[in-house]
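A.B. asks: Sharing a structure below in structure tokens format, with a few things to ask.
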Amino acid sequence: NDYGLNWYHSNLGFPSGYNAYSFLIKDSIVYAATNKGVIKTINQGNNWEIINNGFSYPDYINTLTISDNILYAGTDHGLFSSLDGGNNWTAFANAGLYPFNEINAVAVKDSNIYIGTFRGIYRFNSLNNNWVSLNNGLDSISTFGVTSITIKNNNIYLGSENKGICKKISIATTSNPI
């Protein structure tokens, strides 16, 4: 409780060879996205548990998010979800995405799921069970690596690897660089 003045290792039981890329906290559970899957701690980092049931193989997890108690994991091989706190993971349909489906960012607004990839941004169409490109107005999609997404009201903000920040006003209009 010293407001970040002192740091200490919290990796007792943290699996050897695992690197943490992002964290998500839900209630008292801390989830870590790693280079070998998802791990969690229920005791403030004193012990860590590997929770990879449902992933095809230990995968790079680039990002984690949660909405309505559903966990989402953006991986190097698509999007996965868990309805039971990460104990079991299910792959989303990859229809509409390029063969290399590295998911760098995930955001959920209402019932819409948005993902950021190295090919731009997509929204999941639950009626057709596929991904729809929202890249109209973005420069050079093949080099527009979306690395982060956030949604505020009806505006989507994208952080990119090569093109700065973009904002989509009212989700239904074209993208405009900020």
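A.B. asks: Grab the Cα-Cα distance for residue 43 and residue 87, subtract it from 0.36 nm times how many residues apart they are, and report the gain in nm with one decimal.
C.D. replies: Extending this stretch completely gives an extra 14.2 nm.
A.B. asks: Got the relative contact order for region 59-142 handy, in percent, Cα pairs under 8 Å and 6 or more residues apart?
C.D. replies: That works out to 21 percent.
A.B. asks: Report, by chain and number, residues whose modeled amide H sits under 5 Å from the one on residue 77, excluding near sequence neighbours (fewer than 5 apart, same chain).
C.D. replies: 103
A.B. asks: Ordered by residue, what ³J(HN,Hα) values in Hz, to whole numbers, does region 119-128 give under the Karplus form 6.51 cos²θ - 1.76 cosθ + 1.60, where θ = phi - 60° and Gly and Pro are x?
C.D. replies: Coupling constants for region 119-128: 10, x, 10, 9, 10, 7, 9, 6, 5, 9 Hz.
A.B. asks: A further question on this structure: Give the long-range amide H neighbours of residue 34: residues separated by 5 or more places, or on another chain, with amide H under 5 Å away, using H modelled in the peptide plane at 1.01 Å from N.
C.D. replies: So residue 34 has HN proximity to 21, 39, 61.
A.B. asks: Ok, one more. Mind listing the long-range amide H neighbours of residue 85? Cut-off is under 5 Å, sequence gap 5 or more, other chains count too, H placed in the peptide plane at 1.01 Å from N.
C.D. replies: Placed amide hydrogens put 71 under 5 Å from residue 85.
A.B. asks: Moving on to the next point. Taking every pair of alpha-carbon atoms in region 1-57, give the share separated by more than 18 Å as a whole percent.
C.D. replies: Every Cα pair in region 1-57 considered, those over 18 Å come to 35 percent.
A.B. asks: While we're on this one: What is the percent carbon and sulfur in the accessible area of region 61-136, measuring with a 1.4 Å probe over the protein chains and ignoring ligands?
C.D. replies: The C+S portion of the solvent-accessible surface of region 61-136 is 46 percent.
A.B. asks: Can you sort 83, 97 by solvent-accessible area, 1.4 Å probe, largest first?
C.D. replies: Of 83, 97, the descending order of accessible area is 83, 97.
A.B. asks: Next up: Write out the chymotrypsin sites (Phe, Trp or Tyr not before Pro) in region 56-130 meeting two conditions: DSSP loop, and at most 14 other Cβ atoms within 10 Å of their Cβ.
C.D. replies: Taking region 56-130 and a limit of 14 other Cβ atoms within 10 Å, the loop chymotrypsin sites (Phe, Trp or Tyr not before Pro) found are 100.
A.B. asks: Using Cα springs under 10 Å in a Gaussian network model of the chain, which residue among 167, 152, 40 shows the largest mean-square fluctuation?
C.D. replies: 152
A.B. asks: Determine how large the accessible area of residue 42 is when every protein chain is in place; take a 1.4 Å probe and give Å² rounded to the nearest 10.
C.D. replies: So the heavy atoms of residue 42 present about 120 Å² to solvent.
A.B. asks: Rounded to the nearest 0.05, what FRET efficiency do residue 69 and residue 162 give with R0 = 45 Å and r taken as the Cβ-Cβ distance? Could you check?
C.D. replies: 0.80
A.B. asks: Sticking with this one: When you take every Cα atom in the chain, what is the radius of gyration, and what is Dmax, the widest Cα pair distance, in Å?
C.D. replies: Considering the chain through its Cα atoms, Rg and Dmax are 16.9, 51 Å.
A.B. asks: If you place +1 on the Cβ of every Lys and Arg, -1 on the Cβ of every Asp and Glu, and leave all else neutral, what size is the dipole of the chain about its Cα centre, to the nearest 20 Debye?
C.D. replies: So the magnitude is around 420 debye.
A.B. asks: Any idea how far apart residue 133 and residue 98 come out in nm if each label point goes 7 Å out from Cα toward Cβ?
C.D. replies: 1.0 nm
A.B. asks: Would you mind calculating the relative contact order of the chain from Cα pairs under 8 angstrom and at least 6 residues apart, reporting the percent as a whole number?
C.D. replies: Relative contact order, the chain: 11 percent.
A.B. asks: Provide the per residue accessible area, probe 1.4 Å, for region 1-77, rounded to a whole number of square angstrom.
C.D. replies: So region 1-77 comes to 62 Å² accessible per residue, rounded to a whole number.
The values are calculated or read from the model by the stated rules, or taken from the named source; none is laboratory data. Only a predicted model underlies this, so the values are computations on that prediction, with no experimental measurement involved. For neighbour counting, all protein chains shown are included, and Cβ atoms are generated from backbone atoms with ideal geometry for every residue, glycine included. Protein only, heavy atoms only, side chains kept; ligands, DNA and RNA dropped before computing areas. Shrake-Rupley method; radii C 1.70, N 1.55, O 1.52, S 1.80 Å.
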